[in-house]
Structure formats: C-alpha cells, structure tokens
Amino acid sequence: NPVRAVRFLKENNARVRYLSDDEQGRLREAIGEAEWPMVDVAVHTGLRQSEQFELKWEHVDFAAGIITIPRAKHGEARRVPMNDTVRGILRTQQSRLKSSYVFPSQTGETPRNVHNYAARVFRPAVASAGIENFHWHDLRHTFASRLVMAGVDLRTVQELMGHKTITMTVRYAHLSPGHQLEAVQRLNR
C-alpha cells in the first residue's frame, strides 16, 4: 500500500451537547406527557439508550433503589441508583404487571424498538421544539453535566456513568457558561 506510512491526524470526536433548562421545557411540551417519562428516566439515570430500552423489571429493585444493568457496554454488571423522580416514574408504568420489559413494545413480548421510537417520537419532538443538533445520547451528557454543576465530584460521576476511565467522564463533565461565570464571580469581594 503506497500510503501505508502516511499518518492521519486525530479527529476530535468529543461532541459536547446537553439540554438547557429552556430546551428541556420545550422538549417536554413537544413530546407530550405520555412519552415524557422515557426522556425523564434518561435524564435522571444516565442510562445508555440500549440499557434503558432493554431494561427488564427483574433488574429494578425498588427496595434497594437500584437498577442493575446485567451486561453494560464493557461486559460487566453495573448498578445505577434511582432518585425519587425515577422511582415515581417506574412505579406508575403500566407495563409493570403486563410485561417483563419496563418499556415494552405494543405486544409486551419485546422491548420497544429504539430506532422506531427515535424516528417516530423523539426526533420529531426535538425538531418541533426547535432544538438543534440534539440526539438521544445527549441526554446522557445532560445527566453528567447536571451532576457536575450540582457539585458532584468527577469520580462519582464516572461510577454513575459506568466509565472505565476518568478521561471519558471529563468529556461529559463540561460545564455550562452560566455555571462557569458563577464560579469566577465567587472571587469578587
């Protein structure tokens, strides 16, 4: 191969995007109250799309307040704590007594189809809300960013996100300009 010795420049694939409070309100209105719990669970857990859509009730422990992902991205089990918002949403899911899946398809026999949901519900709602350059995975960015802006340390965020290295967490832990301004304002006397 004549170009074998050519070294390529590294591409910056660290895309940074999360929901502002205003965008979240517009998305909630556009997607509707019936579909909002799906988005809200993502914002409050940081679950990957596949983890959330394939979640089974047997992996939701209300007594301990833990969602167990039996085989996360790196092949190991991962435990995600549920806050009160997530507990409330999951307790009211109609699928609780009808399906083994938390977010089932219409038949209840399979999980909801990720691609169909994104094409039919999520992307049209994002467009209708006037939110640009936003994807489902950015709900994970929103989760991490809000934790950091609330003062949660990066090591804890790393564990909650299920990252193997802190380097990956730092990519998610960008802070809003407003939060940064508030930080430097503390230097004023």
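The values are calculated or read from the model by the stated rules, or taken from the named source; none is laboratory data. Computed from a predicted structure; not experimentally measured. Don't worry about glycine lacking a Cβ; one is built from the backbone with ideal geometry, like all the others, and counts go over all protein chains shown. Only protein heavy atoms, including side chains, enter the accessible area calculation; ligands, DNA and RNA are left aside. Shrake-Rupley method; radii C 1.70, N 1.55, O 1.52, S 1.80 Å.
Structure above, values below:
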read-out: Subset tally (residues that are of a type in the set (K, R), in contact (Cβ under 8 Å) with a residue 24 or more places away in the chain and more than 17 Å from A34 (Cβ to Cβ)) for the stretch 76-99; value: 2
read-out: Filtered residue count, the stretch 56-70, keeping only those that are under 20 Å from G108 (Cα atoms) and either exposed (fewer than 11 other Cβ atoms within 10 Å of the Cβ) or not aliphatic (A, V, I, L, M) (or both); value: 4
read-out: Neighbours by Cβ (under 7 Å, 6+ apart or cross-chain): first from the stretch 152-172, within 13 Å of K73 (Cα to Cα); second in a helix (DSSP H, G or I); value: M161/A144; M161/T169; M161/Y172; H163/T169
read-out: Wholly enclosed helices (runs of 4 or more DSSP H) of the stretch 89-166 bearing at least 3 residues open to solvent by less than 20 Å² (accessible area, probe 1.4 Å); value: 138-149, 154-161
read-out: Output for the stretch 33-50, where each listed residue is touching a residue at least 12 places away in the same chain (Cβ under 8 Å), closer than 11 Å to A125 by Cβ and either open to solvent by less than 40 Å² (accessible area, probe 1.4 Å) or not charged (D, E, K, R) (or both); value: M38, V39
read-out: In the stretch 77-88, residue farthest from H141 (Cα to Cα) [restricted to those that are open to solvent by 20 Å² or more (accessible area, probe 1.4 Å) and part of a loop (DSSP other than H, G, I, E, B)]; value: A77
read-out: Residue match in the stretch 10-29 (condition: among the small types (G, A, S) and without any contact (Cβ under 8 Å) to a residue 24 or more places away in the chain); value: yes
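For every residue, the table says whether it meets (1) at pLDDT 90 or above; (2) touching a strand residue (DSSP E or B) at 6+ places or on another chain (Cβ under 6 Å).
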| position | (1), (2) |
| --- | --- |
| Y101 | yes, yes |
| Q106 | no, no |
| P111 | yes, yes |
| R120 | yes, no |
| S128 | yes, no |
| I131 | yes, no |
| L139 | yes, no |
| F143 | yes, no |
| R171 | no, no |
